[in-house]
1. Taking Cα pairs under 8 Å and at least six residues apart, what relative contact order does segment B:1-196 come out at, in percent?
2. Along the Cα-to-Cβ line of residue B:289, 7 Å from the Cα, sits a label point; which residues in segment B:301-341 have backbone N less than 11 Å from it?
3. Round to the nearest 10 and give me the degree value, 0 to 90, for the angle of helix B:90-101's Cα axis relative to the longest principal axis of chain B.
4. Sum -39500 (n - 2.57) across every DSSP H segment of at least 4 residues in chain B, then divide by the residue count to get the 222 nm mean residue ellipticity, nearest 500.
5. Using a Förster distance of 41 Å, how high is the FRET efficiency between residue B:256 and residue B:153, based on the Cβ-Cβ distance and rounded to 0.05?
6. Which value results when the Cα radius of gyration for chain B is divided by 2.2 N^0.38 Å?
7. Tell me, what is the FRET efficiency for residue A:65 and residue A:124 to the nearest 0.05, using R0 = 30 angstrom and their Cβ-Cβ distance as r?
8. With a Förster radius of 22 Å, plug the Cβ-Cβ distance of residue B:326 and residue A:83 into 1/(1 + (r/R0)^6) and report the FRET value to the nearest 0.05.
């Protein structure tokens, strides 16, 4: 099994085919989208491939160590930051092909007009623990 | 297997061990072991006297733990050195446990989990699941909390306000996973009320019951939030409302108003209205004024602005809102609502979208996005 992180971006991903902010959809279209996402996660729970899923708030700040005895330095949020993550899902699957297939399925979630959004999702393999047998 | 009986017995059994000379942390661990043992064996062979069974098993576990400890560290004397406990009733003991678990030296998060385990009788696993953290993390949080209160004497008088705040926090976490924290908070408040006659205890219990009564109507089948005005009031739990109102009336009659009674009074006015239109908004505003005098929580004034918007019209609500800090949570959502009531749909739609970006839960974000979408698609 291999774990993959599926990243959804507020900003920074290539523009999807069906690109309209959600508040421009109809309430029914929003409901259909939510239902699709929930059904997707439920299916992965059933197949034993679901690990975790979280949504992130858009605002955040940068923090760094600022020397002994000083409080950490904080900065931002930077409006110009190109990349902004909206949420993630972690899946545990048999193969890279399976991970790609699932990401494709998630990207087909319906958007405005009930048509698939074709949202670009970032798929990142997680580093695994070293295997017992190495030779 | 009657889990509620088991849970109700947790505080008195812990207290008995402490009275016999166990330290709180050791007693609590031993009772926890006994609870796990009870869950495992009671279905097969239920005891005749569950409480005596728990005391016996927990005490044995405690002694085992002390012995294995002393084998390593030679601390056998610790038990004998415990001061002779005074003659106290089981009831007072349970109350003291509430105070100890809500002790001011604990952070709110620690007080909450310690209360759920030591007073509520939940297992570490259940508490961990309820707060969506790994079990090992929760076990650490609980044992650190116990170390923090290790030096506190169990007969020290406590402040009921700290206990009520902890129960309120538990209630507000609502429902996630296999433990219903709202129901658990209600059970603990009910149990506390048996121990302690105080109008704010009744006020908090009333407040919880009145909110709990509306729970079924608060979410649509698809999981989306349903605001108070649109809830199907026939689905409200009338028994819980009747109990909450009766508790509140008895508490108010004692003439010692507090925050929770005032909040419960507002909830009761909503529960009392057969439809959103029939709500006595003037009285609701008056209660918010009472509440504002009792607490400096700025969210009270935000809610008051909403109520004022109903009582005196959206312009009055907007005027009250303008005096508040824009960075308050839900400020933008409240403004969107009042703008919509005032007929300025374009501004309302824009503000709902902004409010959605600032929401701190997915359910709220989705709800606000839907509000924006509703106005935008109606305007098309």
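What follows is calculated from the coordinates using simple rules that are stated; it is not laboratory data. Note that the coordinates shown come from a computational prediction; the quantities given were computed from them, not determined experimentally. Note that each Cβ is placed from the backbone with ideal geometry, even for glycine, and that neighbours are counted across all protein chains shown.
1. Relative contact order, segment B:1-196: 24 percent.
2. none
3. 60 degrees
4. Values: 19 runs with 256 residues, N = 380.
Here the helix-only value at 222 nm equals -21500 deg cm²/dmol.
5. On the way: r = 28 Å, r/R0 = 0.68.
According to the calculation, E is roughly 0.90.
6. Cα-based Rg divided by the globular estimate yields 1.15.
7. Values: r = 26 Å, r/R0 = 0.88.
Efficiency computed from Cβ-Cβ geometry: 0.70.
8. 0.20
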